[in-house]
Structure formats: C-alpha cells, structure tokens
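Asker: A single structure is presented below for examination.
The values are calculated or read from the model by the stated rules, or taken from the named source; none is laboratory data. Note that the structure is predicted; figures quoted are calculated from it, not measured. Every residue, glycine as well, gets a Cβ built from its backbone with ideal geometry; the counts of neighbours run over all protein chains shown. To get the accessible areas, we keep the full protein, side chains included, count just its heavy atoms, and leave off ligands, DNA and RNA. Shrake-Rupley method; radii C 1.70, N 1.55, O 1.52, S 1.80 Å.
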Amino acid sequence: MRGNKLFEFTVIGNVNTKKNANSMDYFDRMETLFSTLPRSISLCSKISIDAKFWISSKRLRETRALDLDNLIKPVLDHLTKMNVINDDASVFELKITKYPTDGEQLLHIEAWELIAHGN
C-alpha cells in the first residue's frame, strides 16, 4: 500500500537511455530536478515509483533501444547519484509505461513511501 507521496515532477526533453548530444537537455533537467528533492527520501526503506514516458512516435517505430528497462535505468541511476535514494534496491514497486506522442517528449515520475503489510 502506498503511503505519503515523496515527489512528483515532469522532465521535458528528448527522452533517452544514454547521454548524447540529443539528450543532454533531458539528463540535465532530470539532475536539476532531482537535486531539489529532500535527502530525507533516502531514509525510506521501501519506495513505490510510477514512471510514464512520452516518446516521439517516429522514434518508437524506428529504434529498438527504447525498451522499458532501458528507459528506467538512467532514472534510477540519477536518483541514486543525486542521493535521493540510497540504492535502487529500495524500490519495491515500479510501474513503467511508455506512450507515443507527436508532441513534446517527457518523463512524468511520481514516488511514494511504500507501507508493507505483514512481513
């Protein structure tokens, strides 16, 4: 069960899985937003994350590199790098969705403290 919402924000930019000339704005914006989050989030032992990616319809048709696991990896790595979470091992629930768009590409991410039932 989800408890308190820890954060929610949107990163606008060329959604990508690797840093390159076309994705620097996306990764820079992600780092800037993550740097504003309270470090107390890292004290949560269990976290739930919902990540939604809107990616160019054309890119989704033309590339195979935009798999869900590849999309979420740099997000989790940046959360760890910016000391928002101690490690992605603290993520116990993860929902990842991608949508085609003819508009702006973006990542919308929300995180909650996960309240465990029982053991």
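Asker: Which fully enclosed strands (runs of 3 or more DSSP E) of region 36-119 have 1 or more residues being of a type in the set (Lys, Arg), open to solvent by less than 70 Å² (accessible area, probe 1.4 Å) and in contact (Cβ under 8 Å) with a residue 24 or more places away in the chain? Give the steps one after another, and end with the answer.
Answerer: Details: elements: 47-56, 91-101, 106-114.
Filter on region 36-119 gives 47-56.
Each row is one residue, and each column tells you yes or no for (1) farther than 14 Å from Leu107 by Cβ; (2) β-branched (Val, Ile, Thr).
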residue	(1), (2)
Ser35	yes, no
Pro38	yes, no
Ser45	yes, no
Ser48	yes, no
Trp54	no, no
Leu60	yes, no
Thr63	yes, yes
Leu71	no, no
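Asker: Of all residues in region 17-33, how many are open to solvent by less than 20 Å² (accessible area, probe 1.4 Å), under 14 Å from the mean Cα position of the chain (by Cα) and under 18 Å from Leu60 (Cα atoms)? Working first, answer last.
Answerer: Restricting attention to region 17-33, the residues satisfying the condition of being open to solvent by less than 20 Å² (accessible area, probe 1.4 Å) are 23, 26-27, 30.
Adding the requirement that they be under 14 Å from the mean Cα position of the chain (by Cα) leaves 26-27, 30.
Okay, now just the ones that are also under 18 Å from Leu60 (Cα atoms), so 26.
Selection size over region 17-33: 1.
Asker: Specify the residue that is farthest from the chain's Cα centre (by Cα); the eligible residues are those in region 34-65 that are aliphatic (A, V, I, L, M) and modelled with pLDDT of 90 or more.
Answerer: As a first pass, look at region 34-65 and keep what is aliphatic (A, V, I, L, M): 37, 41, 43, 47, 49, 51, 55, 60, 65.
After this cut, where a residue has to be modelled with pLDDT of 90 or more as well, the list is 47, 49, 51, 55, 60.
Numbers: Ile47: 13, Ile49: 8, Ala51: 5, Ile55: 14, Leu60: 18 Å.
Here the answer is Leu60.
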